[in-house]
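The values are calculated or read from the model by the stated rules, or taken from the named source; none is laboratory data. None of the values given here were measured: they were computed from a predicted structure. Cβ sites come from the backbone with ideal geometry, for glycine too, and all protein chains shown count toward neighbours. Note: areas computed on protein heavy atoms with side chains; ligands, DNA, RNA excluded. Shrake-Rupley method; radii C 1.70, N 1.55, O 1.52, S 1.80 Å.
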Amino acid sequence: INRETLSQLRSLAPIALLGLLILSLVIAYLVAGRVLAPVTRIASRARALADRAPDLSGRIDLGGPDDELRELADTLDDLLDRSESALESQRGFLADASHELRTPLAAAQTNLDVALGNPDASADELRHAASVARSQLGRLGRMVGNLLALERGSAGRTASLSLRDAAEAVIADLAGLAGDAEVTVALEPGPDSHVRFDPDDLRRVLANLIENAIVHNRRGGSVRVAVAPDGDGARLEVSDDGPGIPRGEEHRICDRFHRASGFGPGTGLGLAIVRELLAAGGGSVEAGPSDSGGALFRVRMPGTSA
């Protein structure tokens, strides 16, 4: 009996092992298919979204249990959210830039066409048309320069710099502009503060802030520049006697191409450059009213030991 039993086991064992192997493969296939089904859905949805480019409004929206695959799908959805926001911002920027660039070109061309289209135009009329065209082309050149500055961003060559020395140098450079506008620019007395910043970026920040305070000021007004330590960093304040920032526009004053209501002509990019350069260097800027009713811009920058 034992010998017959062993003989039967020897005959049935390969069949049983083969059956177990086949059953294991079937179970593994079914389990793998169930486990990888979300991956398949993610890949399929991603391909469908890629085919809809540049429309980024769709999302994977996997749902299901809160596991690693759900986290992967949510991460991809977050990436799509940021990409869509960046794309919308770029479209808006291009639209604003096209409009702003077209305005001075149209003004210059209109004045030149009117003057050249009149065969009896006097020398004064031609001179006036040329003056307007030159002014508009100058505005266009400043706008293009600011656009290039925004595109290039910060150079990132940081160094320890005296904020007071940098402010004094910029004030001296803008003395001619201040004189033409009959505006007094003064650096208030106080302790110096050293900052860690790119030298060219720091000068551009100071020049844009002080020039903005001069241009948008009243005749006989003043611009006050103050430097002071601020905890581990430094604080710079630029205030003026101009019309001030309209209520409710403080948070938009540094947006690209935004010009506050009632302000004169400008490119709408100077303060945007200030904000982006400061952000790249670890600083910040905020706007509000000055004690005289004008505008006050308060800048904070990372400090360093002298």
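With the helix formula -39500 (n - 2.57) applied to DSSP H stretches of n ≥ 4, the chain reaches a computed 222 nm mean residue ellipticity of -20500 deg cm²/dmol.
Projecting label points 7 angstrom from Cα along Cα→Cβ for residue 12 and residue 48 puts them 5.1 nm apart. Note on the chain: dipole from Cβ charges, positive end direction compared against 64, 208, 53; the farthest Cα belongs to 64.
How high is the FRET efficiency between residue 131 and residue 284 when r is their beta carbon distance and R₀ equals 45 Å, given to the nearest 0.05? Using R0 = 45 Å, I get an efficiency of 0.65. Comparing 64, 220, 293 in a Gaussian network model of the chain (Cα springs below 10 Å), the most mobile by mean-square fluctuation is 64.
Scan (i) -0.60, -1.56; (ii) -0.69, -1.20; (iii) -0.77, -1.25 for the value of log10 I(q)/I(0) by the Debye sum over Cα atoms at q = 0.10, 0.16 Å⁻¹ calculated from this model and give just the label. Calculated log10 I(q)/I(0) by the Debye sum over Cα atoms at q = 0.10, 0.16 Å⁻¹: the matching label is (iii). Rounded to the nearest 0.05, the FRET efficiency derived from the C-beta distance between residue 121 and residue 101 at R0 = 22 Å is 0.20. Taking only protein heavy atoms and a 1.4 Å probe, the accessible area of the chain is 55% carbon and sulfur. Taking the Cα centre of the chain as reference, the dipole from Cβ charges on Lys and Arg (+1) and Asp and Glu (-1) amounts to some 980 debye. Across segment 216-225, coupling constants 3J(HN,Hα) worked out from phi with the 6.51/-1.76/1.60 Karplus curve, θ = phi - 60°, read 9, 10, 9, 4, x, x, 9, 10, 10, 10 Hz, and Gly and Pro carry x. Quick check: pseudo-label points 7 Å beyond the Cα along Cα→Cβ at residue 72 and residue 298, how many nm apart are they? Output for this residue pair reads 4.8 nm. Protein-only accessible surface at a 1.4 angstrom probe places the residues 214, 27 in the order 27, 214, largest first. Proximity of backbone amide H atoms, modeled 1.01 Å from N, is registered between residue 233 and 303 at under 5 Å, excluding neighbours fewer than 5 places apart on the same chain. Averaged over its residues, the chain has an accessible area of 60 Å² per residue, based on protein heavy atoms and a 1.4 Å probe.
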